[in-house]
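Participant: Please read through the structure below; I'll follow up with questions.
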Amino acid sequence: MSIFIEENKNYKINCNKAINLIELNSFYSELGGLLCDVDVVLELEDEVVFMEYKNSMIDGAKYPDTFDSKITSEEHYRKIARKYYDSIIYLNAIDELRKKFFRYYYVLESALADPIIRKRLAGKIKKKLPFEIQKKLPRLSTNLIDDFKVLSIKEWNDLHKDFMFENILGTNENI
């Protein structure tokens, strides 16, 4: 059974409908922290979905005010972009994946991240992702990235009905 459980163990995503659930964390950890990775990668029929998840609104979140104050910083934009770059290093080496669309989603729950802020964050982070690089390198056989969005859990669930966040505790908090 392919289940993604986020690090705080409040939410899970049933990934059984994916061709493959790829969690790079354990592999990358063996490299001594050299590379960062997104939380989960889902291989689907025509696309590869990269997802990074952050939630400062759950009970027991560590330093939520500190996190919230950093989400609009240049450092945060770079960190979220780097997770994608470091993740595609591995995935670009797999021929059958290179033929698929690469979509990156940053699922963010924060008291400061209303729809307007999420859209602004998406624009700032998108500038750090390889959209411009691939335009300037005409010899690439495939795109390095095809789409990027910053979403709430609800927006993710609306978009990805087969891979919805489910609260492990049985409540509908933040969904």
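The values are calculated or read from the model by the stated rules, or taken from the named source; none is laboratory data. If you're wondering where the values come from, they're calculated on a predicted model, not measured in any experiment. Backbone-built Cβ (ideal geometry, glycine too); neighbour counts: all protein chains shown. The area values use the complete protein model at the heavy-atom level, side chains included, leaving out ligands, DNA and RNA. Shrake-Rupley method; radii C 1.70, N 1.55, O 1.52, S 1.80 Å.
Participant: Taking Cα centroids, how far is segment 138-163 from segment 1-15 in Å?
Facilitator: Here the answer is 19 Å between Cα centres.
Participant: Can you give the helix-only mean residue ellipticity at 222 nm for the chain, where every DSSP H stretch with n ≥ 4 adds -39500 (n - 2.57) and the sum goes over all residues, rounded to the nearest 500 deg cm²/dmol?
Facilitator: Taking each H run of at least 4 residues, the total per residue is -9500 deg cm²/dmol.
Participant: Accessible area, 1.4 Å probe, largest first: how do ASP158, ASP95 sort?
Facilitator: ASP95, ASP158
Participant: Under a 1.4 Å probe, what is the accessible area of segment 1-153 per residue, stated in Å²? Please list the in-between numbers first.
Facilitator: On the way: 8530 Å² over 153 residues.
Heavy-atom accessible area per residue stands at 56 Å².
Participant: Continuing with this model, one more query. For a quick check: with amide H placed at 1.01 Å from N, whose amide H comes under 5 Å from PHE148's, ignoring anything fewer than 5 positions away on the same chain?
Facilitator: TYR104
Participant: For segment 47-175, what's the relative contact order in percent, using C-alpha pairs closer than 8 Å and at least 6 residues apart?
Facilitator: Relative contact order comes out at 30 percent.
Participant: Exceeding 26 Å between C-alpha atoms, which entries from my cross-link table qualify? They are LYS9/LYS79; LYS54/LYS126; LYS9/LYS128; LYS127/LYS161.
Facilitator: Distance filter (> 26 Å) returns LYS9/LYS128; LYS127/LYS161.
Participant: Calculate the spin-label point distance for ALA93 paired with MET57, positioning each point 7 Å from the Cα along the beta-carbon direction, and give it in nanometres.
Facilitator: Rounded to a tenth, the inter-label distance reads 3.9 nm.
Participant: Related question: Within segment 1-93, what whole-number % of the accessible surface is contributed by carbon and sulfur, with the 1.4 Å probe and all protein chains included in the calculation? Don't skip to the end; give the middle numbers.
Facilitator: Values: 2440 of 5060 Å².
Of the solvent-accessible surface of segment 1-93, carbon and sulfur hold 48 percent.
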